[in-house]
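> Please read through the structure below; I'll follow up with questions.
The values are calculated or read from the model by the stated rules, or taken from the named source; none is laboratory data. If you're wondering where the values come from, they're calculated on a predicted model, not measured in any experiment. Here the Cβ is made from the backbone with ideal geometry for all residues, glycine too, and neighbour counts use every protein chain on show. For the accessible areas, the whole protein counts, side chains as well, though only heavy atoms, and no ligand, DNA or RNA atoms are used. Shrake-Rupley method; radii C 1.70, N 1.55, O 1.52, S 1.80 Å.
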Amino acid sequence: MEYLDFELPIKELEDQLDKCQIIGVESNIDVTETCKQIEEKLEETKRNIYENLTAWQRVQLSRHPNRPYTMDHVSALCGETFLELFGDRNFKDDKAMIGGLGKIGGQSFMIVGQQKGYNTKTRQYRNFGMANPEGYRKALRLMKMAEKFGIPVLTLIDTPGAYPGLEAEERGQGEAIARNIFEMVCLKVPIITVIVGEGASGGALGIGVGDRVLMMENTWYSVISPESCSSILWKSWEYKEQAAEALKLTSADMKKQKLVDDIIPEPLGGAHYDKETTFKTVEEYILKAYNELKDLSTSDLVAQRMDKYCEMGDFNE
């Protein structure tokens with residue numbers, strides 16, 4: 001298990017507990033009471049830390065190296081029913097954007113999402129979860145296929161942003177994202193979006209237009225990352241914590257501003273502490289959202305989706 005800076009008090013107590021248990025095994029000393037006291041202190045420390053997280057700490061948790069990525073969710077939700085599909089039928093297959101057909105709870109979904117890597121080699125292979133234009137065009141191709149066959153769409157967002165390289169801009173990165181947003185608004189099947197990690201900028205919006213947008217508890221969703229915001233406003237990354245607070249990017253902030261529909265709770269400590277419970281909870285929320293949408297007529301579905309996004313940013317004082 002890897003620990004973030006603010007989790008070090010937890011690491012110290014877990015190390016103490018391990019040593020205490022080892023002493024009990026290797027000697028005739030009864031350490032039951034001592035271990036119990038450490039466990040109680042550990043549980044109290046966890047609650048004090050995780051129930052009072054700052055915005056920046058939630059950003060750190062969303063990037064935790066042990067946190068389940070998109071393909072982890074897909075494997076847990078669909079099992080062997082997932083059939084990955086490749087290519088945008090124009091340029092090439094983008095490994096940062098995955099997509100395919102799978103069944104969740106007996107219901108078929110067209111699943112699209114960004115995938116990060118687990119180590120240096122796979123991070124390069126997946127381009128750190130930053131999709132090129134062909135990735136967004138692949139996503140749109142799969143969503144239009146789902147529309148043709150009446151299959152609901154599930155998108156899983158986890159990206160630091162669309163790839164900003166020169167070659168991506170030359171191939172029409174902005175147009176590809178804008179086209180996806182336009183087409184998703186009018187798509188004639190239910191769209192459920194789940195933010196499972198980072199949700200940054202147009203990279204997230206390119207697959208983020210949904211009838212139901214769900215955020216996992218320790219994720220973030222914003223027009224810009226705290227580091228980039230800090231570098232623009234203060235000419236330094238040192239103010240990233242202040243930027244994170246100002247951006248109002250946490251799940252609670254997004255729900256309060258009515259930019260997302262629901263928050264998916266995570267186990268104490270984050271999704272990586274109990275992945276099985278996390279996957280089960282995500283599945284429940286996805287199926288609940290689908291059941292709310294499945295009986296709507298096509299016209300009502302599209303009309304409600306348009307109204308949902310037209311109302312964003314509209315305030316009365």
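> Please work out if Y285 is in contact (Cβ under 8 Å) with a residue 40 or more places away in the chain, open to solvent by 40 Å² or more (accessible area, probe 1.4 Å) and out of contact with any helix residue (DSSP H, G or I) (no Cβ under 7 Å at 6 or more places or on another chain).
On the way: in contact (Cβ under 8 Å) with a residue 40 or more places away in the chain: yes; open to solvent by 40 Å² or more (accessible area, probe 1.4 Å): yes; out of contact with any helix residue (DSSP H, G or I) (no Cβ under 7 Å at 6 or more places or on another chain): yes.
The answer is yes for Y285.
> Against the definition (in contact (Cβ under 8 Å) with a residue 40 or more places away in the chain, closer than 23 Å to P190 by Cβ and either part of a loop (DSSP other than H, G, I, E, B) or of a type outside the set (A, V, I, L, M, F, W, C) (or both)), how does I111 come out, yes or no?
When the stated conditions are applied, I111 does not pass them.
> Can you tell me which residue is nearest to S62 (Cα to Cα) among those in the stretch 8-50 that are open to solvent by 90 Å² or more (accessible area, probe 1.4 Å) and among the basic types (K, R)?
The residue in question is R47.
> Something else now. Taking Q257 as meeting all but one of (1) farther than 26 Å from T281 by Cβ; (2) out of contact with any helix residue (DSSP H, G or I) (no Cβ under 9 Å at 6 or more places or on another chain), write down the number of the exception.
(1)
> Among the residues of the stretch 116-136, write down those that are surrounded by fewer than 24 Cβ atoms within 10 Å (Cβ to Cβ) and touching a helix residue (DSSP H, G or I) at 6+ places or on another chain (Cβ under 7 Å).
K116, G117, M130
> Starting from the stretch 43-66, keep only residues that are farther than 17 Å from D274 by Cα and aromatic (F, W, Y), then list their pairs with residues that are part of a helix (DSSP H, G or I) and open to solvent by less than 80 Å² (accessible area, probe 1.4 Å) whose Cβ atoms are within a distance under 7 Å, requiring at least 6 positions of separation or different chains.
Sorted first by the residue in the stretch 43-66, then by its partner, the pairs are W56/P226; W56/K240; W56/A244.
> Could you look through the stretch 222-250, keep only residues that are of a type in the set (S, T, Y) and in contact (Cβ under 8 Å) with a residue 40 or more places away in the chain, and pick out the one that is surrounded by the most Cβ atoms within 10 Å (Cβ to Cβ)?
By that ranking, first place goes to T250.
> Please give the helices (runs of 4 or more DSSP H) falling wholly within the stretch 248-317 in which 1 or more residues are over 20 Å from L77 (Cβ atoms).
Counting at least 1 such residues, we get 251-256, 298-310.
> Within 14 Å of F109 (Cβ to Cβ), touching a strand residue (DSSP E or B) at 6+ places or on another chain (Cβ under 7 Å) and surrounded by 15 or more Cβ atoms within 10 Å (Cβ to Cβ) - does that describe any residue in the stretch 198-209?
There is at least one residue in the stretch 198-209 that is within 14 Å of F109 (Cβ to Cβ), touching a strand residue (DSSP E or B) at 6+ places or on another chain (Cβ under 7 Å) and surrounded by 15 or more Cβ atoms within 10 Å (Cβ to Cβ).
> With respect to T54, is the statement that it is within 29 Å of I264 (Cα to Cα), of a type in the set (S, T, N, Q), at pLDDT 90 or above and open to solvent by 50 Å² or more (accessible area, probe 1.4 Å) true?
Here the answer is yes, as T54 does meet what is asked.
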